[in-house]
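Asker: This is the structure I want to talk about, given as structure tokens.
The values are calculated or read from the model by the stated rules, or taken from the named source; none is laboratory data. This is a predicted model, so every value here is computed, not measured. With ideal geometry, Cβ positions are generated from the backbone for all residues, glycine too; neighbour counts draw on all protein chains shown.
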Amino acid sequence: MRLGVNVDHIATLREARAINEPNPLEAVFVAKNAGAHQITIHLREDRRHIHDSDVRSIIAQSPLPVNVECALTESITEILCALTPHRITLVPEKRQEVTTEGGLDLKAHQDSIARTLSRYHAHGIHTALFIDPSVENVTLAKELGAHCVELHTGKYANLHLMRSSNLPKTHHSLSEFALPASELESLLDSELTLLANSAKTAREVGLECFAGHGLNYQNIAPIRAIDEISELNIGHSIIARAVFVGLERAIADMLTLCRRTPQNPHHRQT
């Protein structure tokens, strides 16, 4: 499957000192040399990491397709219609959140989503909707006119973290998942089934299906095993590993885990 490398947290490091380095544009060329298939960036309303100038320079100079995540806002829509990245992924956004938690509420925003998608399509831009996994959400995404869906894997990632006793736990509270091991295992299986059924539905209705959020080197295998998912967008875990082993190796290691081969014991046929 394809790997999109999200370089937002390179900009986060830059903003920690409010200076001009590290430059996320440099990471684009490292990612290309490492074999990545796409660059993903999130232009947030508060510009907490990626700035307008980053978007302009990355779209203009990237040798890889650029996927820009953004909210349903008029000002950002105008900017991106003019810059014409390869893909726009519409995501929900709250100022108080650390990162994007959950998918778009498609029912509540049907009109604005359909209108915004039409504007991007008029400029020749492919579109995706970032959604919580469910057959209903996938079907509605198709009705609204999206070309693709990206399934939010945050709940799966949190369950996997809490279930895996050999992994260090986050210092942030995940009290909703402080459950007995057997219950965590059951919830994890249910979430994987939900992701698989959503991906299967996407293929059936003619949508390409991606996945992302919270995916890392430890939890990627069961997601890789869902054949209908053709692309993963991963950022934080790659950048975190790059601190210790370098960005090119961190991406190469993730690409190895993304490969589906007959020798891979986690790969299944559907």
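Asker: How do the pairs read when you match residues in region 53-65 that are closer than 15 Å to HIS86 by Cβ and surrounded by 15 or more Cβ atoms within 10 Å (Cβ to Cβ) with residues anywhere that are modelled with pLDDT of 95 or more and polar (S, T, N, Q), using Cβ under 9 Å and keeping only pairs 6 or more apart or on different chains?
Answerer: As it stands, the answer is ILE59/THR84; LEU64/GLN38; PRO65/GLN38, since those pairs meet every condition given.
Asker: Got a sec? Which of LYS169, LYS155 is in a loop (DSSP other than H, G, I, E, B), touching a helix residue (DSSP H, G or I) at 6+ places or on another chain (Cβ under 9 Å), within 30 Å of LEU247 (Cβ to Cβ) and at pLDDT below 95? Full working, then the answer.
Answerer: On the way: LYS155 fails: in a loop (DSSP other than H, G, I, E, B).
Result: LYS169 is the single residue among LYS169, LYS155 that is in a loop (DSSP other than H, G, I, E, B), touching a helix residue (DSSP H, G or I) at 6+ places or on another chain (Cβ under 9 Å), within 30 Å of LEU247 (Cβ to Cβ) and at pLDDT below 95.
Asker: Where in region 63-138 are there strands (runs of 3 or more DSSP E), lying fully within it, with 3 or more residues that are touching a Cys at 6+ places or on another chain (Cβ under 8 Å)? Don't jump to the end; show me each part of the working.
Answerer: Working: elements: 66-70, 87-90, 126-131.
So the answer is 87-90, 126-131.
Asker: For THR73, which of the numbered conditions (1) without any contact (Cβ under 8 Å) to a residue 40 or more places away in the chain; (2) farther than 27 Å from LYS142 by Cα fails to hold?
Answerer: In the conditions (1) without any contact (Cβ under 8 Å) to a residue 40 or more places away in the chain; (2) farther than 27 Å from LYS142 by Cα, THR73 misses (2) alone.
Asker: Same structure, new question: Within region 78-87, is there a residue that is surrounded by fewer than 18 Cβ atoms within 10 Å (Cβ to Cβ) and among the β-branched types (Val, Ile, Thr)?
Answerer: Yes: one or more hits.
Asker: Scan region 211-228 residue by residue and report those that are in contact with a Gly (Cβ under 8 Å, 6 or more places away or on another chain) and either under 13 Å from ARG2 (Cα atoms) or assigned to a strand (DSSP E or B) (or both). Give the steps one after another, and end with the answer.
Answerer: Within region 211-228, the subset in contact with a Gly (Cβ under 8 Å, 6 or more places away or on another chain) is 212-214.
Selection gives GLY212 alone.
Asker: Also, I was wondering about something else. Report whether or not LEU117 is among the hydrophobic types (A, V, I, L, M, F, W, C), crowded, with 17+ Cβ neighbours inside 10 Å, more than 17 Å from the chain's Cα centre (by Cα) and modelled with pLDDT under 95. Quick ask: steps written out before the conclusion?
Answerer: Values: among the hydrophobic types (A, V, I, L, M, F, W, C): yes; crowded, with 17+ Cβ neighbours inside 10 Å: yes; more than 17 Å from the chain's Cα centre (by Cα): yes; modelled with pLDDT under 95: no.
Answer is no for this residue.
Asker: Within region 14-46, can you find the residues that are surrounded by fewer than 21 Cβ atoms within 10 Å (Cβ to Cβ), over 17 Å from GLU248 (Cβ atoms) and either over 18 Å from the mean Cα position of the chain (by Cα) or of a type in the set (S, T, N, Q) (or both)?
Answerer: Matches in region 14-46: ARG14, GLU15, ALA16, ARG17, ALA18, ILE19, ASN20, GLU21, ASP46.
Asker: Oh, and also: Those residues that are in a loop (DSSP other than H, G, I, E, B) and either buried (at least 18 other Cβ atoms within 10 Å of the Cβ) or hydroxyl-bearing (Ser, Thr, Tyr) (or both), I need them from region 229-255; list them, please.
Answerer: Step one: filter region 229-255 for residues in a loop (DSSP other than H, G, I, E, B), giving 235, 246.
Listed by number, the list holds a single entry, GLY235.
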